[in-house]
Amino acid sequence: MPRLYLVCATPRSGSSLLCTGLEATGLLGTSVEYFSRAAIHHNAVAWGMSDAGSMPSDPKVLTPKAYLDRVRDETFRDERGGTKVHLYQLQVARRLRIADGLRDLFPAAAGVHQLLRTRRRDVVGQAVSGHIADATRVYCHWADKEPEISPGYEGATVLQPEYDFAAITARCLEIVEHEIAWDAEIAASGLPCETFWYEELATDYEAAMRRAMTAVGLAPDVPVPTPQLIRQADARNEEFVRRFHRDAHIEGLDVQALA
């Protein structure tokens with residue numbers, strides 16, 4: 001029987017590739033992100049739960065428990081399905097008193113709960129990917145479409161990505177901090193967790209997806225869906241990574257310590 005699952009991620013770690021693959025089985029629902037600031041605001045407004053002064057950058061929820069109950073209902077219908085949460089989103093949910101930890105995101109008495117964690121060994125590549133995506137606002141490239149600005153960013157400022165050693169360094173450090181915090185959150189939850197590395201998803205997608213499908217309780221005869229997303233990294237990513245390693249050497253930054 002399919003298990004209820006939660007994908008624990010840092011940005012640009014392959015979580016969208018993993019989630020869209022699980023969705024494409026047609027057996028697990030959709031992995032919607034419910035705990036970003038903007039998502040909490042828009043959902044709370046739509047569900048009649050927003051408090052006065054709520055805005056996408058600073059959501060205010062009148063009934064935090066009701067919001068969590070609604071997310072559980074939307075996510076885990078028929079005692080199957082899953083959702084995705086980034087560390088900063090879990091921190092927002094905690095600040096708004098929607099949830100205190102990972103266990104709170106699951107229904108209390110339903111099914112077997114499984115965590116799936118996505119990580120990336122190449123932290124510099126991950127930071128560069130995020131730096132570029134935040135400039136272009138193209139966070140996913142769907143296999144059946146041309147690259148386009150991601151939903152929710154239609155009116156946002158789009159920039160030509162420029163190399164910035166300080167900004168990429170800050171991202172690297174933030175990723176390391178978030179991974180350390182995820183270690184603690186996952187350990188505190190006591191829930192079973194399977195880790196999926198971006199490099200594994202990128203180079204051996206079928207094997208990684210088969211392992212993920214097994215972890216969430218799908219039968220061995222369920223076929224692995226084709227990838228729903230196309231890898232976005234290109235020559236610009238490679239150039240920025242190369243320049244970062246050069247500048248890190250000049251500045252005496254130990255890139256190996258970021259792994």
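The values are calculated or read from the model by the stated rules, or taken from the named source; none is laboratory data. Treat the numbers as computed from the prediction; the structure is a model and nothing was measured. Cβ placement follows ideal geometry from the backbone for every residue including glycine, while neighbour counts extend to all protein chains displayed.
If a residue must be assigned to a loop (DSSP other than H, G, I, E, B) and in contact with a strand residue (DSSP E or B) (Cβ under 8 Å, 6 or more places away or on another chain), how many such residues does the range 52-72 contain? Give the derivation first.
Residues of the range 52-72 assigned to a loop (DSSP other than H, G, I, E, B): 52-54, 56-57, 59-60, 62-63.
Subsequent filtering for residues that are in contact with a strand residue (DSSP E or B) (Cβ under 8 Å, 6 or more places away or on another chain) retains 54, 59-60, 62.
Adding up the residues that qualify gives 4.
What are the residues in the range 125-156 that are in a helix (DSSP H, G or I) and in contact (Cβ under 8 Å) with a residue 24 or more places away in the chain, if any? Spell out the reasoning first.
Taking the range 125-156 as the starting set, the residues that turn out to be in a helix (DSSP H, G or I) are 125-136.
Matches in the range 125-156: 125, 126, 127, 128, 129, 130, 131, 132, 133, 135, 136.
Which of the following residues is on the phi < 0 side of the Ramachandran plot and in contact with a Gly (Cβ under 8 Å, 6 or more places away or on another chain): 219, 212, 208? Spell out how you get there, then give the answer.
Details: 219 fails: in contact with a Gly (Cβ under 8 Å, 6 or more places away or on another chain); 208 fails: in contact with a Gly (Cβ under 8 Å, 6 or more places away or on another chain).
Exactly one residue qualifies, and that residue is 212.
Please verify whether the range 202-220 includes one or more residues that are buried (at least 18 other Cβ atoms within 10 Å of the Cβ), assigned to a loop (DSSP other than H, G, I, E, B) and either out of contact with any helix residue (DSSP H, G or I) (no Cβ under 6 Å at 6 or more places or on another chain) or not β-branched (Val, Ile, Thr) (or both).
Yes, because at least one residue in the range 202-220 is buried (at least 18 other Cβ atoms within 10 Å of the Cβ), assigned to a loop (DSSP other than H, G, I, E, B) and either out of contact with any helix residue (DSSP H, G or I) (no Cβ under 6 Å at 6 or more places or on another chain) or not β-branched (Val, Ile, Thr) (or both).
What's the total number of residues in the range 232-247 that are surrounded by 13 or more Cβ atoms within 10 Å (Cβ to Cβ) and either at pLDDT below 95 or among the polar types (S, T, N, Q) (or both)?
Qualifying residue count, the range 232-247: 3.
Within the range 97-104, is there a residue that is in contact with a strand residue (DSSP E or B) (Cβ under 6 Å, 6 or more places away or on another chain) and in contact (Cβ under 8 Å) with a residue 24 or more places away in the chain? Before the answer, list the steps.
Pass one, the range 97-104, residues in contact with a strand residue (DSSP E or B) (Cβ under 6 Å, 6 or more places away or on another chain): none.
Looking for residues that are in contact with a strand residue (DSSP E or B) (Cβ under 6 Å, 6 or more places away or on another chain) and in contact (Cβ under 8 Å) with a residue 24 or more places away in the chain, one finds none in the range 97-104, hence no.
Determine whether the range 192-199 contains at least one residue that is under 20 Å from residue 128 (Cβ atoms), in a helix (DSSP H, G or I) and without any contact (Cβ under 8 Å) to a residue 60 or more places away in the chain.
First pass over the range 192-199, keeping only residues under 20 Å from residue 128 (Cβ atoms): 197-199.
Subset that is in a helix (DSSP H, G or I): 198-199.
The next check asks that each one be without any contact (Cβ under 8 Å) to a residue 60 or more places away in the chain; those that pass are none.
Among the residues of the range 192-199, not one is under 20 Å from residue 128 (Cβ atoms), in a helix (DSSP H, G or I) and without any contact (Cβ under 8 Å) to a residue 60 or more places away in the chain, which makes the answer no.
How many residues, within the range 1-51, are in a loop (DSSP other than H, G, I, E, B) and either within 14 Å of the chain's Cα centre (by Cα) or small (Gly, Ala, Ser) (or both)? Before you say what the answer is, go through the steps one by one.
Step one: of the range 1-51, the residues in a loop (DSSP other than H, G, I, E, B) are 1-3, 10-14, 24-36, 47-49, 51.
Now narrow it down to the ones that are either within 14 Å of the chain's Cα centre (by Cα) or small (Gly, Ala, Ser) (or both): 10-14, 24, 26, 29-36, 48.
Total satisfying the criteria: 16.
From the list 13, 31, exactly one residue is in contact with a Lys or Arg (Cβ under 9 Å, 6 or more places away or on another chain), closer than 30 Å to residue 205 by Cβ, hydroxyl-bearing (Ser, Thr, Tyr) and modelled with pLDDT under 95. Which is it?
Numbers: 13 fails: modelled with pLDDT under 95.
It is 31.
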